[in-house]
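Before any comments, here is the structure.
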Amino acid sequence: MGSRFFKNYAGYKITYPFGKREILGRTEHHTGVDLVAVAENGGALSDWVCAFDAGEVIEAGFNSRSGYYCKIKHDETLSTLYCHFKKDTLKVKKGDLVERGAVLGFMGSTGRSTGAHLHLGISLFGEWVDPEKYFNKDLSEVNKLILTHERRVLRRGAVGDEVRLLQTLLSFHGAELSADSSFGPATEKALVAFQKSRDIESDGIAGPATWQELMKITKRS
C-alpha cells in the first residue's frame, strides 16, 4: 500500500524542508519540501509519485530548474507542484483531470537536482506555504483552516508573513500591489480602497471585519 505521495511505499522522509536555505553561496527560499520514499528497512527508494488530491493539470512539461514537472489546480486559490520526474515517465498532460492518488510520474533527478527526490509545493492564494503542515489533511479542508484562522490586527509599519498574505489577498481583489511583506503607504492605500469597496470602516487597518471580507475569494477580481 502506498502513502499520500508514493504508489508503492507507505513510508517517506523529508530530505529538505520548506524555507530559507544556503545553496551555491547564496540564500534562497525553498518553496516546497523534498521527499523520498522509504522502505521498511529505512532505505531511500525511488517510486511512482501520486497526486496529493483531485484537480486539473494546468502545467506539465520540462524546464531547467524543475526538470520534468506538473502542476495541479485544486480550486481557485489552491494548487500543488511536483518536480524532478524521471525522463519519459510523466503520465499526465495539461488539461487532464486527476483523482487523489493518481500516478503522475516516476521520481527522478531531472532539472536542478543532486539526487532522485520529489519536490512538492503547495500554493495558497498565490503564495507558497509549508506543505508539511497539510500532510494529514485533505486539501478541501485547507481553505477552511485559512478562512477560520484568527489573524492579528495589521497596520502601517507591520512586517512579516501575515503582511505578505494581506498584500496577496488585496491583489486577488484587484489591487496592483507587490507582496514584499512590508506594510507601507502603498499597502495602506490599497487596503483603504478595498475597505471602501466593501462598505467597512476605511481606516487602513486590517482588523477582523477586513480579514473576513478579504477571505471571500472565489476567483480573481
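Tell me, which longest segment in the chain has none of the GluC sites (Glu not before Pro) that fall in DSSP loops with at most 10 further Cβ atoms within 10 Å?
41-98
What's the FRET efficiency of Phe62 with Lys216 using the Cβ-Cβ distance as r and R₀ = 41 Å, to the nearest 0.05?
The value I calculate is 0.65.
If you average the alpha carbon positions of region 147-190 and of region 26-65, how far apart do those two centres end up, in angstrom?
So the two Cα centres are separated by 30 Å.
So what is the 222 nm mean residue ellipticity for the chain from helices alone, if each DSSP H run of at least 4 adds -39500 (n - 2.57) and you divide by all residues, rounding to the nearest 500 deg cm²/dmol?
That comes out to -5500 deg cm²/dmol.
Could you tally up the Lys pairs in region 1-97 with alpha carbons closer than 17 Å? Skip any pair fewer than 8 positions apart unless they're on separate chains.
Summing the qualifying lysine pairs gives 10.
Greater than 25 Å separation of Cα atoms is the criterion. Which listed pairs, Lys137/Lys189; Lys189/Lys216; Lys133/Lys196, meet it?
Lys137/Lys189; Lys133/Lys196
Which residue, Val103, Gly61, His30, has the largest displacement toward the positive end of the dipole of the chain when charges sit on each Cβ (Lys, Arg +1; Asp, Glu -1)?
Gly61
Among Ile14, Ile58, Ile200, which one shows the highest mean-square fluctuation when the chain is modelled as a Gaussian network with alpha-carbon springs under 10 Å?
Ile200
Taking K and R as +1 and D and E as -1, what net charge do the other residues with C-beta under 13 Å from the C-beta of Trp128 add up to?
Charge balance in the 13 Å sphere: -1.
Return the loop-located trypsin sites (Lys or Arg not before Pro) in region 14-60 (DSSP other than H, G, I, E, B) with at most 15 other Cβ atoms within 10 Å of their own Cβ; answer none if there are none.
Nothing satisfies the criteria.
Which value, in debye to the nearest 20, describes the size of the charge dipole of the chain about its Cα centre when Lys and Arg Cβ atoms bear +1, Asp and Glu Cβ atoms bear -1, and nothing else is charged?
Dipole about the Cα centre, nearest 20: 380 debye.
Most fluctuating residue of Val159, Val92, Val36 in a GNM of the chain with Cα springs under 10 Å: which is it?
Val159
Kirkwood Rh over Cα pairs of the chain into Stokes-Einstein at 25 °C, 0.890 mPa s: D in µm²/s?
Diffusion coefficient, whole number: 130 µm²/s.
For region 8-69, would you read off the P(r) tail past 13 Å as a percentage of all alpha carbon pairs?
In whole percent, the long-distance tail amounts to 75.
Bear in mind these aren't lab numbers, they're just calculated from the coordinates by the rules spelled out. If you're wondering where the values come from, they're calculated on a predicted model, not measured in any experiment. Cβ sites come from the backbone with ideal geometry, for glycine too, and all protein chains shown count toward neighbours.
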